[in-house]
Amino acid sequence: MQWITELALERADGGVFTREQAALWVKNRGAGLNGLLKRAVAGGEVWRLHRGLYSLSERYTRTPINPLELAQRIHGPSYLSLETALSRHGWIPEGVQAITSAADGRSRVFNTPVGLFSFTRVPQRVFLAGVRRVVDDEGGGAFFLATPLKALADLVYAQRRDWHSAAPVVESLRVEEESLAELRAELFDEVLPAYPPGRVVRFLEGLRKDLGR
């Protein structure tokens, strides 16, 4: 077993660590550290997830790495949204292939050993309006998750949907009308001002009118 792997087993929270953390462990930031990381990756003991971000490989982690928590470490500022959030809330069937997030920076896609991560830039006035911090009792850790209304708004922007009512949400996404009925006026008050004028605002206003909120 490589030395960096042994150190990660002892010190990496959830098996995930940064290059900076590894540098502190071995007291080296240069070629020596690069060599240690390259050998651990080549040996399949450590995975390189993104520039400067690593994790222990599956055979060395005590518990599986939670991809929902990992997303915000791969690219941020971001929060889980779009299909991943809607699936997490039980609004659409599970089976979403990529972990989807809304990002404050540019859109990116990362294919990692842990999974496929997709980040879509969604321009907003208040980035975390309609977003909640969730503690994951099943997978461990915590992450920022869009509420269903926020996830729908982000999806309308990302997929350029020209929706003005509840009907296409039910027909295209197969969201149950009972789920839409759960949306409260307070959430519309929080989410609507977060977006600049455009298709998202038109959608939210039309949905709100349909639901009588």
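Brief remarks follow.
- Rounded to the nearest 20 debye, the dipole size of the stretch 92-213 about its Cα centre is 700 debye, using +1 on the Cβ of Lys and Arg and -1 on the Cβ of Asp and Glu.
- Approximate spin-label separation residue 29-residue 201, in nm, with each point projected 7 Å along Cα-to-Cβ: 4.6 nm
- Value of [θ]222 nm, deg cm²/dmol, for the chain, DSSP H segments ≥ 4, -39500 (n - 2.57) each, nearest 500: -11000 deg cm²/dmol
- Positive-end ranking of 50, 31, 14 along the dipole of the chain, with charges on Cβ about the Cα centre, is headed by 31.
- Each part reduced to its alpha carbon centroid, the stretch 162-179 and the stretch 56-102 end up 24 Å apart.
- Given +1 at the Cβ of Lys and Arg, -1 at the Cβ of Asp and Glu and no other charges, the dipole of the chain around its Cα centre is 1100 debye to the nearest 20.
- Only protein atoms count toward the accessible area here, which uses a 1.4 Å probe; on the chain, the carbon and sulfur part of that area reaches 47 percent.
- Taking packing as the residue-averaged number of other Cβ atoms within 10 angstrom, the listed peptides 197-205, 170-178 run from highest to lowest as 197-205, 170-178.
- Taking semi-axes √(5λ) of the Cα gyration tensor in Å as calculated from this structure, the corresponding entry among [x] 36, 20, 11; [y] 26, 18, 16; [z] 39, 16, 14 is [z].
- Rounded FRET efficiency, nearest 0.05, which uses the C-beta distance separating residue 116 from residue 19 and R0 of 30 Å: 0.85
- Under 14 Å, Cβ to Cβ, from residue 93 - net charge with Lys/Arg +1 and Asp/Glu -1: -1
- Surface accessible to a 1.4 Å probe, per residue, for the residues of the stretch 51-131, Å²: 49 Å²
- Charge dipole magnitude, Cβ of K and R +1, D and E -1 - the stretch 123-165, Cα centre, debye nearest 20: 280 debye
- Straight-distance crosslink candidates among lysines, where the alpha carbon sits under 21 Å from residue 27 and sequence neighbours closer than 8 are dropped: 38
The values are calculated or read from the model by the stated rules, or taken from the named source; none is laboratory data. Not measured: the values here are computed from a predicted model. So basically every Cβ, Gly included, is an ideal-geometry build from the backbone, and we count neighbours across all protein chains shown. What goes into the accessible areas is simple: the full protein's heavy atoms, side chains included, and nothing from ligands, DNA or RNA. Shrake-Rupley method; radii C 1.70, N 1.55, O 1.52, S 1.80 Å.
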